[in-house]
Amino acid sequence: MGATRWRLAVALLAAPGLIASACADPEEPGDTSSPAPEAEVDSSDGLPYPDEGGGEPEDEPGSLTGGGVDPTLTRDDVDCSVEGLDDTGEFQFVAAHYVVDGNLGATCFGGDDPTLTQAWEILSAIVPGGQLRDLALFGGFAGTDEGDEVTLAFVNGREDVDEFQMSVNLDEAEALPDEFTLTMVHEFAHVFTALPTQIDRTMMPEDCFTYDNGEGCYLPDSVMNAWAQQFWGDELGEFDPTAEATAAAGQERCDGDAGFFGAYAASNPEEDFAESFSAWVLRVPATTAGQQERYSFMEQRPGLVEFRQRAEAAGYGPQPNNFDGCGLGA
């Protein structure tokens with residue numbers, strides 16, 4: 001990414017420390033992406049929402065079937081205190097809302113923040129409303145990072161409910177809106193691939209015959225197992241899935257495979273999937289055969305296609321391919 005600052009999106013799921021990155025440089029967008037796929041696909045795509053994929057999007061952005069905004073909605077099963085939002089003390093939270101049945105509800109921390117509401121509107125325009133029900137809290141924090149690493153967003157599993165919290169950097173949302181949108185899509189990929197319908201966190205690693213990422217064993221018909229087997233294969237046994245995901249950890253793999261969207265994506269299968277998914281949803285043009293192969297994987301799964309359809313209908317993308325190149329000589 002040259003002299004551009006790294007901008008990180010942190011994914012703190014069941015085990016804190018899994019880092020996700022949207023490594024795109026802010027440049028002017030171009031319209032060089034391939035058209036959305038029209039081929040018929042198998043509806044059994046290994047996704048956790050089998051009844052919501054394919055065809056035209058059913059949930060209109062802003063609908064209270066999911067994705068809407070209703071400040072009267074509340075809940076009492078999640079901790080929205082400053083400690084509950086960030087028990088590490090790493091982030092300075094400014095505001096947070098309950099998410100109730102996939103809708104942005106009452107403010108539960110801080111005050112109303114228009115940038116946070118706008119971020120929700122972007123997210124809900126792209127994510128089908130029913131899938132937003134997997135969020136319990138939506139929070140915004142101040143941009144306190146310094147140096148070359150800036151956290152754009154993070155998701156973490158809530159211990160008190162079987163749902164997730166998404167938190168966004170309000171300063172960076174205003175400074176780099178395109179990159180911020182890319183990051184939110186990346187982060188939501190970590191949500192729907194981490195549901196109990198996708199991964200068994202009770203299984204011991206020695207009993208897992210698919211892919212154990214250190215948090216649990218991906219189910220045989222999960223989207224992440226299909227991804228890992230197709231794009232990682234023998235590599236699954238050659239890295240520590242519990243290690244922090246960094247560009248340095250993926251650099252050697254990136255050097256040898258031009259299919260990755262940067263060295264960070266090459267750090268583990270989850271980051272590879274999330275980077276590829278966010279790029280595909282926002283119609284970042286594939287520049288190598290390996291990147292196009294990843295896009296073809298997405299195009300065969302209606303539950304993923306719906307994200308891209310919604311993003312296009314809402315006017316998000318295409319974005320340019322500003323990811324660091326992989327492959328020797330990139």
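The values are calculated or read from the model by the stated rules, or taken from the named source; none is laboratory data. These numbers were taken from a predicted model, which means no experiment stands behind them. Reconstructed Cβ throughout: ideal geometry from the backbone, glycine too, with neighbour counts over all protein chains shown. Note: areas computed on protein heavy atoms with side chains; ligands, DNA, RNA excluded. Shrake-Rupley method; radii C 1.70, N 1.55, O 1.52, S 1.80 Å.
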Taking the stated definitions as given, is GLY325 outside any helix (DSSP H, G or I) and touching a Pro at 6+ places or on another chain (Cβ under 9 Å)?
no
Are there any pairs with C-beta distances below 7 angstrom linking a residue in the stretch 298-313 that is more than 10 Å from LEU47 (Cβ to Cβ) and touching a residue at least 60 places away in the same chain (Cβ under 8 Å) to a residue that is assigned to a helix (DSSP H, G or I) and not hydrophobic (A, V, I, L, M, F, W, C), with the two at least 6 apart or on different chains, and if so which?
VAL305/GLU299
Being over 18 Å from MET298 (Cα atoms) and either outside any loop (DSSP other than H, G, I, E, B) or open to solvent by 50 Å² or more (accessible area, probe 1.4 Å) (or both) is true for just one of GLU244, GLU215. Which residue is that?
GLU244
Residue identified as surrounded by fewer than 15 Cβ atoms within 10 Å (Cβ to Cβ) and either at pLDDT below 95 or within 19 Å of GLU270 (Cβ to Cβ) (or both) among THR183, THR144:
THR144
Do you know which residues across the stretch 292-312 are more than 25 Å from GLY130 (Cα to Cα) and open to solvent by less than 10 Å² (accessible area, probe 1.4 Å)?
ARG294
Checked against (1) more than 22 Å from ALA175 (Cβ to Cβ); (2) of a type in the set (S, T, N, Q); (3) surrounded by 17 or more Cβ atoms within 10 Å (Cβ to Cβ), THR88 satisfies every condition except (3)
Which condition breaks for GLN319 when tested against (1) under 24 Å from ALA247 (Cα atoms); (2) open to solvent by 50 Å² or more (accessible area, probe 1.4 Å); (3) modelled with pLDDT of 95 or more?
(2)
Inspect all residues belonging to the stretch 121-135 and state whether any of them is in contact (Cβ under 8 Å) with a residue 24 or more places away in the chain and in a strand (DSSP E or B).
yes
Checking the conditions here, which among PHE260, PHE277 is open to solvent by less than 10 Å² (accessible area, probe 1.4 Å), touching a His at 6+ places or on another chain (Cβ under 8 Å) and under 21 Å from TYR211 (Cα atoms)?
PHE277
Does GLU306 satisfy the criteria of being among the acidic types (Asp, Glu) and under 14 Å from TRP227 (Cβ atoms)?
no
From the list MET203, MET166, pick out the single residue that is in contact with a Gly (Cβ under 8 Å, 6 or more places away or on another chain) and either surrounded by fewer than 22 Cβ atoms within 10 Å (Cβ to Cβ) or in a helix (DSSP H, G or I) (or both).
MET203
For the stretch 265-291, pairs from a residue that is within 15 Å of ALA249 (Cβ to Cβ) and part of a helix (DSSP H, G or I) to a residue that is basic (Lys, Arg) and open to solvent by 10 Å² or more (accessible area, probe 1.4 Å), with Cβ under 8 Å and 6 or more apart or across chains, are ALA266/ARG253; SER267/ARG253
Name the single residue that is surrounded by the fewest Cβ atoms within 10 Å (Cβ to Cβ) among those in the stretch 218-230 being in contact (Cβ under 8 Å) with a residue 24 or more places away in the chain and within 26 Å of ASN156 (Cβ to Cβ).
ASP221
